[in-house]
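The values are calculated or read from the model by the stated rules, or taken from the named source; none is laboratory data. Everything numeric in this text was worked out from a predicted model, so none of it was measured. Using ideal geometry, Cβ is built from the backbone for each residue, glycine included, and neighbour counts are taken over all protein chains shown. Ligands, DNA and RNA are stripped out before the accessible areas are found, and what is left, the full protein with its side chains, is counted by its heavy atoms. Shrake-Rupley method; radii C 1.70, N 1.55, O 1.52, S 1.80 Å.
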Amino acid sequence: MGNIITNGDHLVIRPSELTSEQKATRQLIVMDLEDASRDAIVGTLHSEGYTHIHPAIDLSQLENILGQAVPDLVLLSLNLGHGPEDALKIMQRFDDVYKIPTHFVVIRGNDSEREAMEKAVRTSAIDYLVKPIDPLDVRLTVEKALIDISIRHGATTDGLTQIPNKTTFNQVLHQQIKEFQRHYDRYQETPGKVHHAWDLSVALFDLDNFKRYNDENGHLEGDYVLKKVAAYFRSQLRVNDLFARWGGEEFVIIMPETPFNDAFSVYSRVAWDLSQQLFKPREGKTERITCSAGIATLTFDSYQSRLTAGLNPKNPTDMIGLAQHMLTSADQGLYRVKNAGKAKCYPKNTLDDFDIQSDLK
C-alpha cells in the first residue's frame, strides 16, 4: 500500500499504486445531481478497474445503496440542488444517523461553493475535485485517497471491516479500567451512593457456523458478511461504546457505565435483530447469521474483592492482568454457549459466575 523509507532516525511512508485486486474490492459511491458529471466519473473509475461503483443523485438512492454496501470512499458533489449546505448535512448524517464512518472527496462546481469546500476539507473530507473534472484528476485523487485511508487506518483499524482492531480495543479497555478505578476511588469517599452506573462491561461474541458459510459460499461472500455485521453492530451501539474486531469472525464490545443486565439486553437485542436479516449469497439461496456471546462486567464489589486479594492498581502488570481476565471470562461464557447450542448470550456475568471462575483458576 505504501513504500516505507527510513534512515534509522526518520520514517516516511510514500504512496504506491493500488493493485487491480485492491481496486476490485473497494466500494465507491458517486453522488452528483448532474448526469454528465456523475456518468463521467463513474466511467473513468470503471475504466481504471474499480468494479463496485454506486451512482446516486439524492438521499433516497444513497440510503438504498447503504443498505447493500459499506463505502470505502464517497465522492460527493457540493451541488445537490439546494446549495452546498445539503452536502455538508449528508456528510454529517454518516456519523449521526447511519453510524458509518467513511471518507469523502468533495466536488466543487463553482466559486460560490468555495467556502463549503474549505469547510468540508477542514472537517470531514480527505480531498477535493473541481469541475470541469479531468479524468486524470479523478484517477489520481481517488487512488491517493484510498492509499491514504489505508495508511491512516493500518495501525488502529481492521482493514476488512474498517472498525477498530485488537490493538485499539486493548488500549481503550485499559483506559476504561483506569476510568472505572477513578470512579471507584470517588465512591470510597462517598459510600452509600448508587454506584452500579459505573459498571464496565465487555462482550465477546462470534458468528455461528461461519466456517461452513465461508466454505459453501466463498471467502468473498464471507468477507461481505463480516463487513455487514460490523456495520450493523456499529450502527446500533452507543457513541461511547467501542466495537472492534477481535480476529476472524470474533468481535468485542466495550460498554462503559453499563451494568450486566443492561449490557445483556443491548447485545441480545442487536444480535436478535441481526438474526432476522436475510443474506443472499447466491440466486435462490438465503442464510441467516446468528451470534454467540459472553459478557464480563466489572463492578465495584468485584473490584473490591480483587483489591482485597492483592490487586495493585498502581502496578501496570496487575491492571493488564485484570483486562485479560475480563476477556478470558467472557470467552468462557462464549465457549459454554457454543457447547450448549449456539445463538445465545451466556445469561450470567462471567466475572461473578462461580463455575467459570473455578475453571479459570
Review point. Restricting the search to the stretch 259-283, which residues are part of a loop (DSSP other than H, G, I, E, B) and either over 24 Å from D353 (Cβ atoms) or touching a Lys or Arg at 6+ places or on another chain (Cβ under 9 Å) (or both)?
Key: Q276, Q277, E283
Revision key, fill the gap. Here the qualifying pairs (Cβ atoms under 8 Å; residues six or more apart or on different chains; first in the stretch 164-186 and farther than 14 Å from Q304 by Cα; second open to solvent by 30 Å² or more (accessible area, probe 1.4 Å) and polar (S, T, N, Q)) come out as P164/T156; N165/T156; T167/T156; T168/T156
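In the stretch 101-142, which residue that is charged (D, E, K, R) and not in a helix (DSSP H, G or I) is surrounded by the most Cβ atoms within 10 Å (Cβ to Cβ)? Quick ask: steps written out before the conclusion?
Restricting attention to the stretch 101-142, the residues satisfying the condition of being charged (D, E, K, R) are 108, 111, 113-115, 118-119, 122, 127, 131, 134, 137, 139.
Right, trim to not in a helix (DSSP H, G or I) and you get 108, 127, 131, 134.
Numbers: R108: 21, D127: 17, K131: 18, D134: 14.
The extreme case among them is R108.
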Exercise for review: Please specify each residue of the stretch 330-361 satisfying the condition of being part of a helix (DSSP H, G or I), more than 17 Å from N261 (Cβ to Cβ) and small (G, A, S).
Suggested key: A340, S358
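From the set of residues in the stretch 171-222 that are assigned to a loop (DSSP other than H, G, I, E, B) and among the small types (G, A, S), which is modelled with the lowest pLDDT? Outline the logic, then answer.
Going through the stretch 171-222, the residues assigned to a loop (DSSP other than H, G, I, E, B) turn out to be 190-195, 199, 208-209, 218.
Still in the running and among the small types (G, A, S): 192, 218.
Details: G192: 63, G218: 89.
Among residues in the stretch 171-222 that are assigned to a loop (DSSP other than H, G, I, E, B) and among the small types (G, A, S), the one modelled with the lowest pLDDT is G192.
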Check your understanding: Checking I147 against (1) within 20 Å of the chain's Cα centre (by Cα); (2) surrounded by 20 or more Cβ atoms within 10 Å (Cβ to Cβ); (3) within 20 Å of G49 (Cα to Cα), which test does it fail?
Key -> (2)
Review point. Any idea which residue in the stretch 239-268 is nearest to the chain's Cα centre (by Cα), counting only those that are of a type in the set (D, E, K, R) and crowded, with 21+ Cβ neighbours inside 10 Å?
Key: R245
Revision key, fill the gap. Counted residues in the stretch 58-92 being part of a helix (DSSP H, G or I), modelled with pLDDT under 90 and touching a helix residue (DSSP H, G or I) at 6+ places or on another chain (Cβ under 8 Å) come to 1
Check your understanding: Which residue out of L62, L75 is over 25 Å from R238 (Cβ atoms), of a type outside the set (S, T, N, Q) and crowded, with 20+ Cβ neighbours inside 10 Å?
Key -> L75
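Name the residue that is surrounded by the most Cβ atoms within 10 Å (Cβ to Cβ), counting only residues in the stretch 284-316 that are part of a helix (DSSP H, G or I) and polar (S, T, N, Q).
Here is the first cut: in the stretch 284-316, the residues part of a helix (DSSP H, G or I) are 300-308, 316.
Filter again for polar (S, T, N, Q), leaving 302, 304-305, 308.
On the way: S302: 16, Q304: 14, S305: 13, T308: 8.
Looking at residues that are part of a helix (DSSP H, G or I) and polar (S, T, N, Q), I get S302.
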Practice item. For the stretch 315-337, enumerate the residues that are charged (D, E, K, R) and touching a residue at least 60 places away in the same chain (Cβ under 8 Å). Key: D331
